[in-house]
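Colleague: Have a look at the structure that comes next, please.
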Amino acid sequence: MAQGRGSAMIAIMLLCLLVLPSEMVHAATYTVGDAGGWTFNVVGWPRGKGFRAGDTIVFNYSPRAHDVVVVNKAGYDTCRTPRGAKVYRSGKDLIKLVKGQNYFICNFVGHCESGMKIAVNAV
């Protein structure tokens, strides 16, 4: 009987090893603004890209000049940071996309209004 349990454990471990990497293979990493990084007029950057839930987007910028704020649609449309919003300030932020719409703005005065915002739809 112990041999049967051992075989079952090995089969389960092998199955996990096969399933986990296949999930990881599908995740992609995108750099916001490509070589230009997170800067003004990036609002159109997501166009034509096939984002999926679990993909990572990288925001590269000078933390003295910008930040990244995860907002809701209202915050995105009005360029206002809602109370309790997550603010990133490292200059090299990695953010995992959730399924559906993901909204990001720069919270520095006038930056969002100057096109420093993106809306990313992840399927």
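Colleague: Can you name every residue in segment 76-123 that is among the charged types (D, E, K, R) and touching a residue at least 60 places away in the same chain (Cβ under 8 Å)?
Modeller: K117
Colleague: It is to be established whether one or more residues within segment 57-76 are within 12 Å of the chain's Cα centre (by Cα), surrounded by fewer than 17 Cβ atoms within 10 Å (Cβ to Cβ) and over 22 Å from A35 (Cα atoms).
Modeller: Scanning segment 57-76, I find no residue that is within 12 Å of the chain's Cα centre (by Cα), surrounded by fewer than 17 Cβ atoms within 10 Å (Cβ to Cβ) and over 22 Å from A35 (Cα atoms), so the answer is no.
Colleague: Which residues, taken from segment 97-116, are under 13 Å from Y76 (Cα atoms) and surrounded by 21 or more Cβ atoms within 10 Å (Cβ to Cβ)?
Modeller: Selection gives N102, F104, I105, C106, C112, M116.
Colleague: Hey, can you tell me all the residues within segment 57-79 that are more than 21 Å from V123 (Cα to Cα), outside any strand (DSSP E or B) and touching a strand residue (DSSP E or B) at 6+ places or on another chain (Cβ under 8 Å)?
Modeller: Those that are more than 21 Å from V123 (Cα to Cα), outside any strand (DSSP E or B) and touching a strand residue (DSSP E or B) at 6+ places or on another chain (Cβ under 8 Å): Y61, D67, G75, C79.
Colleague: On to the next question. Any idea how many residues of segment 43-56 are closer than 17 Å to G115 by Cβ and either without any contact (Cβ under 8 Å) to a residue 60 or more places away in the chain or not in a loop (DSSP other than H, G, I, E, B) (or both)?
Modeller: Final tally of qualifying residues: 2.
Bear in mind that the values in this text are calculations on the coordinates, not laboratory data. Note that this is a predicted model, so its numbers are computed, not measured. Please note: Cβ atoms are built from the backbone with ideal geometry, for glycine as well, and neighbour counts cover all protein chains shown.
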